[in-house]
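Read through the structure below, which is laid out as structure tokens, and then see the notes.
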Amino acid sequence: MTKQILLSTPHMGDLEQKFVQEAFDTNWIAPVGPHVDAFEQEFCQVVGAKHAAAVSSGTAALHLALELAGIQPGDEVFCSTLTFIASASPITYLKAKPVFIDSDRTTWNIDPNLLREALEKRAKIGKLPKAVVIVHLYGQSADIDPILAACSEYEVPLIEDAAESLGATYKGKSPGIFGKIGIFSFNGNKIITTSGGGMLVSDDENIVARARFLATQARDNAPHYQHSVVGYNYRLSNVLAGIGRGQLRVLEARVNARRHNCEVYQQALGKLPGIEFMPEADFGRATRWLTCLTIDQAAFGVDREQVRLTLAKQKIEARPVWKPLHLQPVFAECEVIGGAIAEDLFDRGLCLPSGSNLTAEDLQRVTQAIAEIYTG
């Protein structure tokens, strides 16, 4: 029977089970506990953040980040358009309005020049957004310096969605630690996973303390259950934090494996007519969380969707790149600034199997299948 090759699967190491067993042995099963505290501290050391709060998902972390940034109903929040819906849906949780910004071709991330122009225009009419959410896409950092400079000039808080980019670098530092608040994800398909989980980071200790408070049902400091504000059940369990501690220790190996996957794909497919890989910007290291490419139908002979379907018939999972959020039915009424580049990347973009546990034989099957589509 032919083995199915999936896009990105969990990859466990040797220490995760040890930490989980400790949680069972000490009966620290529920949210909070020693693994949660240690995971937060160790995560800060890895990414260079000062403070961190472990939560149940990256989406939960972004929801908290937006609330902590003071987003109110009716406010506008600028957001990358070429990304997963979880980068924008928390904006709507707070009854605020996303305004989507197009990508640049150098990074596939939010276009810093377009962002600055949009902020300048909004400042002139007295309608600045209340926050900017940038996404570090597919393990590639956005160009943070000009983005941060524009946000600082107009005094708009910057929130970094680094859900896909743990292990990446921007000028020697981790994306996610430059803005007011950064968020990360440990979903099952990410470079490291806790099954489900996320992290909120900030250099502001008060912000992270408030995040922990809100994430634990906003219980006041009282012997009885007293609540002065509405909170959320967003804290990470001690069991899952144990998995995260083990995964952190193999982060570099997981990044190297995914970068190796991309190198194999580039060597085998990079010279085929019409194939272009997502570029790696010269300001840092991309993790290649997913190896992405674009297909020019005129040069390659078939379009991205035909390639995807042909791979699927051979039990190889590949997916289109994210559908721009301004094209999503749920955001049909939202404003978009630009959009043509993100739309083009979606029309032609394909994500290849990229898990850190892929074998040489898996990679050969994928590259051979694509090469045969071209020669066939």
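Taken together, the values in this text are just the output of simple stated rules run on the coordinates, not laboratory data. Computed from a predicted model, the values in this text were never measured in an experiment. Please note: Cβ atoms are built from the backbone with ideal geometry, for glycine as well, and neighbour counts cover all protein chains shown.
Using the Kirkwood radius built from alpha carbon pairs, what does the Stokes-Einstein equation give as D for region 128-172 at 20 °C and 1.002 mPa s, in µm² per second? It would help to have the intermediate numbers written out before the result.
Numbers: Rh = 11.0 Å.
The Stokes-Einstein estimate is 194 µm²/s.
Give the shape of region 303-376 as rounded, prolate or oblate, defined through the alpha-carbon gyration tensor: a ≥ b ≥ c are the square roots of its eigenvalues, a/c under 1.5 means rounded, and otherwise the shape is prolate if a/b is larger than b/c and oblate if not. Verdict is prolate for region 303-376. When each of 227, 136 is scored by the number of other beta-carbon atoms lying within 10 Å, the sequence from fewest to most is 227, 136.
Basic side chains Lys and Arg get +1 at the Cβ, acidic Asp and Glu get -1 at the Cβ, and with that the dipole of region 238-325 about its Cα centre reaches some 460 debye.
Which value does Rg/Rh take for region 52-151 over its C-alpha atoms, Rh per Kirkwood? Each step should come with its number before you reach the end.
Numbers: Rg = 13.3 Å, Rh = 13.9 Å.
Rg divided by Rh gives 0.95.
Farthest towards the positive end of the charge dipole of the chain, among the residues 159, 23, 363, is the Cα of 23, using unit charges on the Cβ of Lys, Arg, Asp and Glu. Working note: Debye formula, equal point scatterers on the alpha-carbon atoms of region 91-209, no solvent; log10 I(q)/I(0) at q = 0.17, 0.18, 0.20 Å⁻¹ is -0.89, -0.99, -1.19. Normalised by residue count, the chain yields a Cα convex hull volume of 144 Å³ per residue.
Put in order of Cβ neighbour count within 10 Å, fewest first, the listed residues 107, 291, 216, 2 become 2, 216, 107, 291. At an R0 of 56 angstrom, the distance between the Cβ atoms of residue 263 and residue 92 translates into a FRET efficiency of 0.90. Within the listed set 200, 269, 115, the Gaussian network model of the chain (springs between alpha-carbon atoms below 10 Å) gives the highest mean-square fluctuation for 269.
When DSSP beta bridges are restricted to pairs lying wholly in the chain, around 55% turn out antiparallel. Of 275, 146, 337, whose Cα points farthest to the positive end of the dipole of the chain (charges on the beta-carbon: +1 Lys, Arg; -1 Asp, Glu; origin at the Cα centre)? Selected residue: 275. In this structure, the pairs whose alpha-carbon distance is over 20 Å, taken from 124/323; 97/121; 130/190, are 124/323; 130/190. Calculated on C-alpha atoms, the gyration radius of region 252-375 divided by its Kirkwood radius gives an Rg/Rh of 0.99. The coefficient of translational diffusion for region 1-103, derived via Stokes-Einstein from the alpha carbon Kirkwood radius under 4 °C and 1.567 mPa s, stands at 76 µm²/s.
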